[in-house]
Amino acid sequence: MTAILGIDPGLTRCGFGLISGSKAIRFGLLTSLPSADPRDRVGSISASLEEIIKDQRPDLIALERVFAQSNLRSVMGVAQISGALMAIAHRHQIPLEFFTPSQVKLAVTGHGRADKAQVAKMVASTLGLSEIPKPADVADALAVAICATRKSSATGTDAQKKWVAAAKSANRRIG
């Protein structure tokens, strides 16, 4: 069965969640101190992510796409961790796909504008967890992994893979 590592990237708090089918294998939160040197912060989180990848050997890495927000510092941290993770995925030859927050919400709850509480509740239900994963970054990472099981071009049957590839191609042509 396909193992998918979902990541909710962040420089202060980076959630991760590894799932296989509808079972959570491993999940948690990586942190760094805002007062530390940015090089050390990115280095520490990326080293931890690489250890998880080496240990768990996921078939796919799913990452929440950076979206514009008013806090430039937050956007930069997300972009820095995303870039580090892209390099790790390349080094280990693991496919990596991005999903927008709306895609994740839609795949997990059936509604693209669901709030964090609804997403977290559905994550726990979908994965058969007795409690909602906390903090929200962890639940979000698991949600990204669940989204990838449903929307990735690298998972599913051959027919599903072709359908997802065609839909992505059509979206690129449209806009």
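Readers should treat all values here as calculations from the given coordinates under stated rules, not as data from a laboratory. All values derive from a computational prediction rather than experimental measurement. Using ideal geometry, Cβ is built from the backbone for each residue, glycine included, and neighbour counts are taken over all protein chains shown.
Laid out as a table, the results:
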| item | result |
| --- | --- |
| Extension reserve of the residue 47-residue 116 stretch, reckoned as 0.36 nm per residue once the Cα distance is removed | 22.0 nm |
| Highest-MSF residue in the chain out of 26, 73, 65 [GNM, Cα springs under 10 Å] | 73 |
| Viscosity 0.890 mPa s, 25 °C: Kirkwood-radius Stokes-Einstein D of the stretch 49-116 over Cα pairs, µm²/s | 184 µm²/s |
| Per residue, the convex hull volume that the Cα atoms of the chain enclose (Å³) | 123 Å³ |
| Share, in percent, of DSSP beta bridges within the chain that are antiparallel, nearest 5 | 65 percent |
| Most to least packed among 122-135, 50-63 [average Cβ atoms within 10 Å] | 50-63, 122-135 |
| GNM result for the chain, Cα springs below 10 Å: residue of 106, 96, 11 fluctuating most strongly | 106 |
| Point-to-point label distance, residue 87-residue 31, nm (Cα→Cβ direction, 7 Å offset) | 2.5 nm |
| Degrees, to the nearest 10: 72-91 long Cα axis against longest axis of the chain | 70 degrees |
| MRE, 222 nm, helices only [DSSP H, n ≥ 4, -39500 (n - 2.57), over the chain, to nearest 500] | -17500 deg cm²/dmol |
